[in-house]
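Undergrad: One structure, as structure tokens, below. Some questions next.
The values are calculated or read from the model by the stated rules, or taken from the named source; none is laboratory data. These figures come from a predicted structure and were not determined experimentally. Cβ sites come from the backbone with ideal geometry, for glycine too, and all protein chains shown count toward neighbours.
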Amino acid sequence: MSILVLADLHEGQLAGATAHVVAAAQAIGGDIDILIAGEGVQAAADAAAKLDGVNKVRVADNAVYAHQLAEPMGALLVELSDGYSHVLASASTTGKNVLPRLAALKDVSQLSDVLGVESADTFLRPIYAGNAIATVKSDDALKVITIRTTGFDAVGESGSATIEAVDFVAENSQSSFVKEELAQSDRPELGGAKVVISGGRGMGNGENFKLLDGIADKLGAAIGASRAAVDAGFVPNDMQVGQTGKIVAPDLYIAVGISGAIQHLAGMKDSKVIVAINKDDEAPIFQVADYGLVGDLFEILPELESKL
Amino acid sequence: MKVLVAVKRVIDYNVKIRVKADHSDVDLTNVKMAMNPFCEIAVEEAVRLKEKGVATEVVAVTVGPKAAQEQLRTALALGADRAIHIETDERAESLAVAKLLAKVVDEEQPGLVILGKQAIDTDNNQTGQMLAALTNLPQGTFASEVAVDGEKVNVTREIDGGLQTVALTLPAIVTTDLRLNEPRYAKLPDIMKAKKKPLDVKTPADYGVEVASKVSLLKVESPAERKGGVKVASVDELIDKLKNEAKVL
């Protein structure tokens, strides 16, 4: 078997998700190649070559792949997928955007959000917002799979794969990039952070989210939010943790003023340790929290910050 | 411009799901069903395009059992002009649905196709992208804004870390994210009128599409339950537990 992993890029650099997808590829077994596609991606290719267990890094460096638009990326994957038994990507918005195109053009199904590998053709994946886990078997000749990265521990970085250029240049006259508005932050990325502190509707307004900043600084944490806080306009939607936002599984998750709606729990319940701070001692979040603290967050947060 | 909008019948999002005792699937007997929430947003967007004069006709389509006509009637009540029901009792997966929709696109020649980004039952998030690939049309997935501008459509997409705007040539495929719009409720007179709107019934065989998939569902289980822990009395006790018991600080 041989597996092609489509790498995730973040502002031209290799994103942390890829090391998790390579781990999933190792669980399947076989030769593992990584595809880096973008414009000016040599640094990402060098980083990918260091990932453990990687055989070869294939680099498609061309303006047509800048911003990884679905149409040229799909065409590139179709061109390169011959000879592979599996094509994997993370279940990021890029992986989800691109991989179904490959699957459709190869006339095979796609398995989404795989979080466990039973064998080379049998996988576990969440359905109904993670309220059930399905075991599915694919008899397709090519298995096209997106990986939920929280299901696999990242591989190390002591490898030395070979790097080779891909000459194929896709045509694209159908779609063009207009602009991107990315949240600028010095904090770790939500998906990869070891500690996440999230605020909910209980924060009251967007200004009060600053109460989380000091604690996040001390813990090296990413800051998230519940959908209620996002819908109320407190914070932008890229901070949302939950079924319809980011799925996170940090070592420590601190939920502040979050009641614990199913849609939020779906995004964080695989965290190793969960702390809940809420004034309502009946809030459902306490049913999943390892440590619950009932009280007024406006008193608790400053105290917590000063004592950490 | 004609707009084609695809809808799916799924378990109502408020229903707490149960796994069958034999672990063969989720139990759907006597469970309330509804239109997939992302599809409601798709219908709403199509209807708004018609209200703005951008769309001239809105056609709703679904693939599913006979009962899925309820969801088509809902789409008609919300403002779609006519509906196409591709009836099958088989478990139609994304690829088969995309193949059927591709045939409908071929027949109807819409300027824009709008779908939900995913259905809340199988959570696949594939059909729109597959349809785009099969019809060789550009795609704007996870849309939070759709702006038709002459021969192009600008789609603002919710991506990891922020927003991305792409310009697509028409015809194009758009999939909806949650913040694209807030769907309206159907009014009683519109529900009555919807009963008289045209609804064509077809079968996958009419389009020459095989619904069977090479993916088999072996087992469905409930996820591991997370047990609640303890309540602590103070910030000091919390920090102590995190340091010495959980060892995460």
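Undergrad: Do any strands (runs of 3 or more DSSP E) lying entirely in the range B:10-89 carry at least 3 residues that are of a type in the set (S, T, N, Q), and which ones are they?
TA: Correct list: empty, since no element meets the threshold.
Yes/no matrix, rows are residues, columns are (1) at pLDDT below 95; (2) under 21 Å from residue A:80 (Cα atoms); (3) surrounded by 23 or more Cβ atoms within 10 Å (Cβ to Cβ); (4) assigned by TED's automatic domain parsing to the domain that holds residue A:117:
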site: A:16; (1), (2), (3), (4): yes, no, no, yes
site: A:25; (1), (2), (3), (4): no, yes, yes, yes
site: A:28; (1), (2), (3), (4): no, yes, no, yes
site: A:32; (1), (2), (3), (4): no, yes, yes, yes
site: A:37; (1), (2), (3), (4): no, yes, yes, yes
site: A:42; (1), (2), (3), (4): no, yes, no, yes
site: A:50; (1), (2), (3), (4): no, no, no, yes
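Undergrad: Go over the candidates B:191, B:173 one by one and state the one that is aliphatic (A, V, I, L, M), in contact (Cβ under 8 Å) with a residue 60 or more places away in the chain and under 20 Å from residue B:105 (Cβ atoms). Don't jump to the end; show me each part of the working.
TA: On the way: B:191 fails: under 20 Å from residue B:105 (Cβ atoms).
Answer to the check: B:173.
Undergrad: Still on this model: Would you point out the residue of the range B:176-203, among those that are under 30 Å from residue B:159 (Cα atoms) and basic (Lys, Arg), that is farthest from the other protein chains (Cβ to nearest Cβ)? Step through it out loud before you land on a result.
TA: Our first condition is that a residue be under 30 Å from residue B:159 (Cα atoms); within the range B:176-203, this holds for B:176-185.
Retained after the next criterion (residues that are basic (Lys, Arg)): B:179, B:184.
Values: B:179: 6, B:184: 18 Å.
Out of the qualifying residues, it is B:184.
Undergrad: Here is a follow-up. Would you say residue B:4 is in contact (Cβ under 8 Å) with a residue 24 or more places away in the chain, over 28 Å from residue A:124 (Cβ atoms) and buried (at least 23 other Cβ atoms within 10 Å of the Cβ)? Spell out the reasoning first.
TA: On the way: in contact (Cβ under 8 Å) with a residue 24 or more places away in the chain: yes; over 28 Å from residue A:124 (Cβ atoms): yes; buried (at least 23 other Cβ atoms within 10 Å of the Cβ): yes.
For residue B:4, the condition - in contact (Cβ under 8 Å) with a residue 24 or more places away in the chain, over 28 Å from residue A:124 (Cβ atoms) and buried (at least 23 other Cβ atoms within 10 Å of the Cβ) - is met.
Undergrad: Go through A:133, A:197 for me and flag whichever is part of a strand (DSSP E or B), surrounded by fewer than 22 Cβ atoms within 10 Å (Cβ to Cβ), of a type outside the set (Asp, Glu) and modelled with pLDDT of 95 or more. Outline the logic, then answer.
TA: Values: A:197 fails: surrounded by fewer than 22 Cβ atoms within 10 Å (Cβ to Cβ).
Testing whether each residue is part of a strand (DSSP E or B), surrounded by fewer than 22 Cβ atoms within 10 Å (Cβ to Cβ), of a type outside the set (Asp, Glu) and modelled with pLDDT of 95 or more leaves just A:133.
Undergrad: Count, please, the residues in the range B:204-239 that happen to be more than 10 Å from every other protein chain (Cβ to nearest Cβ) and either among the charged types (D, E, K, R) or surrounded by 13 or more Cβ atoms within 10 Å (Cβ to Cβ) (or both).
TA: Our first condition is that a residue be more than 10 Å from every other protein chain (Cβ to nearest Cβ); within the range B:204-239, this holds for B:204-212.
Now narrow it down to the ones that are either among the charged types (D, E, K, R) or surrounded by 13 or more Cβ atoms within 10 Å (Cβ to Cβ) (or both): B:204, B:206-207, B:209-211.
So the count comes out to 6.
Undergrad: Look through A:172, A:208 and report the one residue that is surrounded by fewer than 20 Cβ atoms within 10 Å (Cβ to Cβ), in the same structural domain as residue A:242 (by TED's automatic domain parsing) and over 22 Å from residue B:249 (Cβ atoms). Break it down stepwise before answering.
TA: On the way: A:172 fails: in the same structural domain as residue A:242 (by TED's automatic domain parsing).
A:208 is the lone residue from the list that is surrounded by fewer than 20 Cβ atoms within 10 Å (Cβ to Cβ), in the same structural domain as residue A:242 (by TED's automatic domain parsing) and over 22 Å from residue B:249 (Cβ atoms).
Undergrad: Another question, if that's okay. Under 7 Å by Cβ, and 6 or more places apart or on different chains, what pairs join a residue from the range A:215-237 that is under 19 Å from residue A:182 (Cα atoms) with one that is among the acidic types (Asp, Glu) and part of a strand (DSSP E or B)?
TA: Note: pairs meeting the criteria are A:237/B:158.
Undergrad: Here is a follow-up. Select from the range A:63-118 the residues that are over 23 Å from residue B:218 (Cβ atoms), without any contact (Cβ under 8 Å) to a residue 24 or more places away in the chain and within 22 Å of the chain's Cα centre (by Cα) and list them in ascending order.
TA: A:93
Undergrad: Of all the residues that make up the range B:139-171, how many are at the interface with chain A (Cβ under 7 Å from one of its Cβ atoms) and either surrounded by fewer than 23 Cβ atoms within 10 Å (Cβ to Cβ) or modelled with pLDDT under 95 (or both)?
TA: So in the range B:139-171, the residues at the interface with chain A (Cβ under 7 Å from one of its Cβ atoms) come out as B:139, B:141-142, B:154, B:158-169.
From what is left, the residues that are either surrounded by fewer than 23 Cβ atoms within 10 Å (Cβ to Cβ) or modelled with pLDDT under 95 (or both) are B:154, B:158-163, B:165, B:167, B:169.
Residues meeting the conditions: 10.
Undergrad: So residue A:235 ticks every box in (1) touching a Phe, Trp or Tyr at 6+ places or on another chain (Cβ under 7 Å); (2) within 27 Å of residue A:128 (Cα to Cα); (3) surrounded by 23 or more Cβ atoms within 10 Å (Cβ to Cβ) but one. Which box is left unticked?
TA: Residue A:235 satisfies every listed condition except (3).
Undergrad: Is there a residue being at the interface with another protein chain (Cβ under 9 Å from one of its Cβ atoms), closer than 19 Å to residue A:92 by Cβ, surrounded by fewer than 23 Cβ atoms within 10 Å (Cβ to Cβ) and over 14 Å from the mean Cα position of the chain (by Cα) anywhere in the range B:115-138?
TA: no
Undergrad: Determine whether the range B:95-111 contains at least one residue that is away from every other protein chain (no Cβ under 12 Å) and within 19 Å of residue B:28 (Cα to Cα).
TA: no
Undergrad: Conditions first: (1) in contact with a Gly (Cβ under 9 Å, 6 or more places away or on another chain); (2) assigned to a helix (DSSP H, G or I). Residue A:60 passes all but one, so which condition is the exception?
TA: (2)
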